[in-house]
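Report on the following structure.
Please treat every number below as a calculation from the coordinates, not as lab data. Fair warning: this is a prediction, and the values are worked out from it, not measured in the lab. Backbone-built Cβ (ideal geometry, glycine too); neighbour counts: all protein chains shown.
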Amino acid sequence: MQGVANKPVVLVTAADLAPEALAMLSGFEVVFAGKQPGEDDIVALCMRHKPVAIIVRYGKINARIMDAAENLQVISKHGSGIDVIDQAAAVARGIAVRAAVGANAPAVAEHAWALILACAKAVPQLDARMRAGHWDKSTHKSIELNGRTLGLVGLGSIGRRVAAAGIAFGMNVIAFDPYAKEAPAGVKLVALDDLYAASDVVSLHCPLTDENRNMIDAAALARIKRGAILVNTARGGLIDENALVDALSSGELRAAGLDSFAVEPKPHPHPFDGIGNVILSPHIGGVSDAAYVAMGTAAAANVLAVLEAHAGSGV
């Protein structure tokens, strides 16, 4: 089944896509999988519609899904994190995998700073205290970031934006990125252990790989400067969550701001729920009005580029 008027099908693992992206895909039938599609839902749609492309917004794409989509040529991520796609399985089947690199960088960088500032200034906690009738002016002391050190793990398009804001705040900015050949003005590349030891704020901006999974474990947390703030707007799998709970509870870390989690949606109840010095958001760092359009159009452009290349080569 090839869809309306025999148009090839693009399957979107979500309930919507930016109108600008849909306009780019006018030559295709776009099928939506729903708000939170499961693996079985996506498999059923692939078997029914035989899509030539999948745009991944929610959920994971594994070998079973790929095998259910016999015409599949490209899997395009609505965002930059392709760890939700089984890349080895895609390579084995000759399916291209593409990411909308940098499309949500402004939004994620802004959210990282929202979490950094909320942690440093205890904004949610003070708001809750005010609503409960307290006036903590004589007892509360926030952290002043001017003159402190910001350590960035990852210096891609998001990390560089976070660095620029850190410099504007008067912070000393250091970064660890084994793939960076140079750093922007005002940023110093350092070894990871040196970054942990020196940073008052550690912010994660790296992809999740088999090599760095749980890189922030108990041993790493012990090396991070006591009283530091840890922020993660990258991937939840970078942090050993049980070790982080211990570090926050003991005061080893002053606070943490988390936008991603090892299991998503975050289970409830969860040990984080009872920790007062962790600020949580539901992986929405890259979800903004502008990013929604930028990620959608970039994902659509990647689909079109791969399909046109295949058509030109006779594949």
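Quick notes on this one:
- Taking Ala120, Ala18, Ala185 in turn, the Gaussian network model of the chain (Cα-Cα springs below 10 Å) assigns the largest fluctuation to Ala185.
- The chain: calculated mean residue ellipticity at 222 nm from DSSP helix runs of at least 4, using -39500 (n - 2.57): -11000 deg cm²/dmol
- Within a Gaussian network of the chain (alpha carbon springs, distance under 10 Å), most fluctuating of Asp136, Asp83, Asp40: Asp136
- Summing +1 for each Lys or Arg and -1 for each Asp or Glu among the other residues whose beta-carbon sits under 13 angstrom from that of Gly81 gives +2.
- Euclidean distance between Cα centres, the range 98-131 to the range 182-228, Å: 18
- Longest exposed-site-free window of the chain, the sites being chymotrypsin sites (Phe, Trp or Tyr not before Pro) in a DSSP loop that have at most 14 other C-beta atoms within 10 Å: 180-315
- Summing Cβ point charges (Lys, Arg +1; Asp, Glu -1) relative to the Cα centre of the chain gives a dipole of roughly 520 debye.
- 11 Å beta-carbon shell around Leu126, net charge (K/R +1, D/E -1): +2
- 22 Å Cα-Cα reach of Lys188 towards lysines, excluding residues that sit fewer than 8 places from it in its own chain: Lys225
- Debye log10 I(q)/I(0) for the range 8-121, one point scatterer per Cα, at q = 0.11, 0.18, 0.21 Å⁻¹: -0.39, -0.88, -1.12
- Entry note, the range 162-315: relative contact order of 15 percent, from Cα contacts under 8 Å with a spacing of 6+ residues.
- Filtered trypsin sites (Lys or Arg not before Pro), the range 121-225: DSSP coil and at most 10 other beta carbons within 10 Å: Lys137, Lys141, Lys181
- Point-charge dipole on Cβ atoms (K/R +1, D/E -1) for the range 105-280, about Cα centre, debye to 20: 600
- Tally of Lys pairs whose C-alpha atoms are under 27 Å apart, taken over the range 43-143, 8 or more apart or cross-chain: 5
- Averaging over all projection directions, the Cα-based convex hull of the range 105-280 occupies 10.4 nm² in the image plane.
- Build a GNM of the chain with springs between Cα atoms under 10 Å apart, and of Met171, Met66, Met215 the one that fluctuates most is Met215.
- When the chain is described by a simple charge dipole with +1 on each Lys and Arg Cβ and -1 on each Asp and Glu Cβ, the residue from Ile95, Leu126, Met295 located farthest towards its positive end is Leu126.
- Here the range 192-255 is treated with +1 on each Lys and Arg Cβ and -1 on each Asp and Glu Cβ, and its dipole about the Cα centre works out to around 200 debye.
- Once exposed loop GluC sites (Glu not before Pro) are cut out (DSSP; at most 14 other Cβ, 10 Å), longest piece of the chain: 212-315
- Mean projected area in nm² (Cα convex hull; one quarter of hull surface) for the chain: 18.2
- Size descriptors for the range 73-125: radius of gyration and Dmax over Cα atoms are 16.7, 51 Å.
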